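First up is the structure itself, then whatever we jot down about it.
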Amino acid sequence: MFGFLKKDANDKQIGKTSPHLKEIDADKIDWKSKPDAYWKEVLTPVQYEVTRKEGTERAFTGQYWDHKEVGTYTCSNCGQELFSSETKYKSGTGWPSFYKPLNESVVGEKKDTKFGMVRTEVHCSRCKAHLGHVFPDGPQPTGLRYCLNSVSLNFSPKEKSE
Ligand SMILES: [Zn+2]
């Protein structure tokens, strides 16, 4: 494949919530106006390379490709809720794969012709973080495969009801 990072994406600094998203009201921030220098400072090198430079983590190295907990996947850059574990499925690709986002407004798409291929790039609608690509070979009911990078995501487990 093409454009993979040399480093493993399994970056020990990445927890359930990116450090820069703790103790702030992420809904009140104008994420699109943040300069590149901001992202370089707050993200880990792998997160920055993937989300801000459209890199791709190596297959089977990220923390979520084989992750099966129930909960919500959020943007690792701005905290917006993006995908539910309910639409996650085993694609066999080595990247976390979903057949649809939480709703259509949380992701944006654009045509990507890098590496001589025509693909559809997927990003967070709130901060423009690159998430991955969407392909038309997913399961029903959508037939879509959102093939994402683990470092683009944080995970919030569902609170257990009493
Ligand atoms: Zn975002």
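The values are calculated or read from the model by the stated rules, or taken from the named source; none is laboratory data. Just so it is clear, the structure is predicted and the values come from calculations on it, not from any experiment. Here the Cβ is made from the backbone with ideal geometry for all residues, glycine too, and neighbour counts use every protein chain on show.
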ask   = Taking residue 96 and the conditions (1) closer than 20 Å to residue 46 by Cβ; (2) out of contact with any helix residue (DSSP H, G or I) (no Cβ under 7 Å at 6 or more places or on another chain), which numbered condition does it fall short on, given that it satisfies the others?
value = (2)
task = Take the residues in region 147-162 that are at pLDDT 95 or above and not in a strand (DSSP E or B), then tell me which one is nearest to residue 85 (Cα to Cα).
result = 150
inquiry  = I need a count of the residues in region 16-46 that are of a type in the set (A, V, I, L, M), surrounded by 12 or more Cβ atoms within 10 Å (Cβ to Cβ) and over 25 Å from residue 59 (Cβ atoms).
reply    = 4
key: residue 136 in contact with a Gly (Cβ under 8 Å, 6 or more places away or on another chain), modelled with pLDDT of 95 or more and either of a type outside the set (Gly, Ala, Ser) or buried (at least 21 other Cβ atoms within 10 Å of the Cβ) (or both)   = yes
ask   = So which residues in region 35-85 are among the aliphatic types (A, V, I, L, M) and within 12 Å of the ligand (Cβ to nearest atom)?
value = 43, 82
Matching residues in region 100-121 - criterion: being under 14 Å from residue 87 (Cβ atoms), more than 10 Å from the ligand (Cβ to nearest atom) and either in contact with a strand residue (DSSP E or B) (Cβ under 8 Å, 6 or more places away or on another chain) or of a type in the set (S, T, N, Q) (or both) = 100, 101, 102, 103
